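The values are calculated or read from the model by the stated rules, or taken from the named source; none is laboratory data. Keep in mind it's a predicted model, so treat the numbers as computed, not measured. Backbone-built Cβ (ideal geometry, glycine too); neighbour counts: all protein chains shown.
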Amino acid sequence: MFRARSIGLIMASLLSSLAQAEILEERLTSGSSIFVPSPFPINPAANATNQTIVAVQQAKRDEHVIFTVNPDQNPTDIDEKIAKKDLAIGGQYPLGGASMGLQYAESRRNVGAKNENSNRQNDELFVHRDYRLTFGVDFTTELRGAFTFHYSGLQSDLTGNFNIGANDRTRYHGTMSGYGLGLYYQLRMLGIGAFTHPPMRGKATVEGEQKIITEPGLYGVNFDFRAAPLLNLNFNVTRWSYKHDERDDPSTSPTDQRDIVLRGVDINQFLRKTMAYGLGAEAAVTPMVFVKGQFLKQEAVFLFDPDHLPGDDKDLESRVRYSELKAGVSIKNRSFIAELDAMRSSASQGSIKPRSGFGPIGNYKATTTGISLMVGANF
């Protein structure tokens, strides 16, 4: 009984500043896309304005996370399985020295979490729908820029606490908007890109109460080097940025007025990515078949204090470093394009600094596998 109350209290009270930083383009991108372009680049200026691109992409990721609360005294083991599904439709149309792009994406995250002292599993659903309009322009023959407008709608169906019953679930919806900027400079053998997507901001309605909500932003640079006519190398550096989100403030369930977390029971809501370094390659095997790969070194922190953002106070953070590997094969036959990608990452942390006043969290292990398929046309 003590352990069940302990985990319920901790999961309801350890409030993060933002959920795990991971945007749609990050999940859909697998490094270099010079030979077979993607309509969903992280840098909105990545694609040449004279290209027509239309594509549909389906992506799926499965995460398995286990950790222990109070590992040294009264330990409680938590087992979580998270399924993420993305469906994206997008394209770009040239306008003569400029281009216009449209994108729509729907992301669904299903969380199934179970603590060893409970006979039932907590199931939660988070849905995120994203609309984007992008304009690109050629400033010179070497330099192009792009602006993208983001509009997102979200809805959630959650328990927010391991001790919440099915009749006391919380549901809310919200909208956000934001923008992104990109530049790309093309030399003879080297392409240099820079981009920024500041955090999105909007409002959510939770049981009649209005809250200001945000989603993480990111910015970075990327370099494309044509090492040979049929080989392109890619290097990129990405950083994440954050703003406070009122969903992190204390909330209660609608019926029994119990303490809940509006981010849900997933421990990864407290994991904030801070930086990533990536090295990738894209090569032609035949005139119509290409292979690609990317190795990413990720840096992130666990942070449980709602009054701080990553970097505010290092003593409150537990740093996590891990690697991520992506690989894929692409086909381009005249105007038809297709790409199949796979990814895998794993992370572990022996002990995690909790917010002052709560018991320790340790033995964290997370494994993620994913697959993505894109089909479309490029001419």
For ARG188, indicate whether it is assigned to a loop (DSSP other than H, G, I, E, B) and at pLDDT below 95. yes
Looking only at region 284-304, how many residues end up being surrounded by 17 or more Cβ atoms within 10 Å (Cβ to Cβ) and either more than 20 Å from the chain's Cα centre (by Cα) or without any contact (Cβ under 8 Å) to a residue 12 or more places away in the chain (or both)? 3
Just one listed residue, out of LYS211, LYS203, is modelled with pLDDT under 95, over 21 Å from GLY145 (Cα atoms) and not acidic (Asp, Glu), and it is LYS211
Restricted to region 217-250 and to residues being among the charged types (D, E, K, R) and assigned to a strand (DSSP E or B), the residue nearest to LEU309 (Cα to Cα) is ARG239
Quick one: in region 170-182, of everything that is surrounded by fewer than 19 Cβ atoms within 10 Å (Cβ to Cβ) and of a type outside the set (Ser, Thr, Tyr), which residue is nearest to ASP259 (Cα to Cα)? ARG171
So how many residues does region 254-302 have that are touching a helix residue (DSSP H, G or I) at 6+ places or on another chain (Cβ under 7 Å), under 19 Å from GLU80 (Cα atoms) and part of a strand (DSSP E or B)? 2
Tell me, please, whether a residue that is more than 28 Å from VAL221 (Cβ to Cβ) and under 22 Å from the mean Cα position of the chain (by Cα) can be found in region 305-328. yes
Do we have any residue at all in region 91-100 that's crowded, with 21+ Cβ neighbours inside 10 Å and either farther than 27 Å from MET343 by Cα or touching a helix residue (DSSP H, G or I) at 6+ places or on another chain (Cβ under 8 Å) (or both)? yes
Applying the selection to region 210-238, what residues are out of contact with any Asp or Glu (no Cβ under 6 Å at 6 or more places or on another chain), free of Cβ contacts under 8 Å to residues at least 40 places away in the same chain and under 30 Å from LEU154 (Cβ atoms)? GLN210, GLY217, TYR219, VAL221
Pairs please, first residue from region 125-141 and free of Cβ contacts under 8 Å to residues at least 24 places away in the same chain, second anywhere and surrounded by 15 or more Cβ atoms within 10 Å (Cβ to Cβ), Cβ atoms under 7 Å, 6+ apart in sequence or on different chains. PHE139/GLY145
Subset of region 27-78 that is over 22 Å from the mean Cα position of the chain (by Cα) and within 23 Å of LEU373 (Cα to Cα) - its residue that is surrounded by the fewest Cβ atoms within 10 Å (Cβ to Cβ): THR52
Sole miss for ASN363 among (1) under 19 Å from the mean Cα position of the chain (by Cα); (2) part of a strand (DSSP E or B); (3) among the polar types (S, T, N, Q) is condition (1)
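The rows are residues; the columns are (1) touching a residue at least 60 places away in the same chain (Cβ under 8 Å); (2) assigned to a strand (DSSP E or B); (3) over 30 Å from ASN119 (Cβ atoms).
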{"position": "PHE162", "(1), (2), (3)": "yes, no, no"}
{"position": "ARG171", "(1), (2), (3)": "no, yes, no"}
{"position": "THR175", "(1), (2), (3)": "no, yes, yes"}
{"position": "ILE192", "(1), (2), (3)": "no, yes, yes"}
{"position": "PHE195", "(1), (2), (3)": "yes, yes, yes"}
{"position": "ARG201", "(1), (2), (3)": "no, yes, yes"}
Hey, among SER318, SER330, SER323, which residue is surrounded by fewer than 15 Cβ atoms within 10 Å (Cβ to Cβ) and hydroxyl-bearing (Ser, Thr, Tyr)? SER323
Filter region 138-160 for residues that are within 30 Å of VAL261 (Cβ to Cβ) and not in a strand (DSSP E or B) and give the result. THR159, GLY160
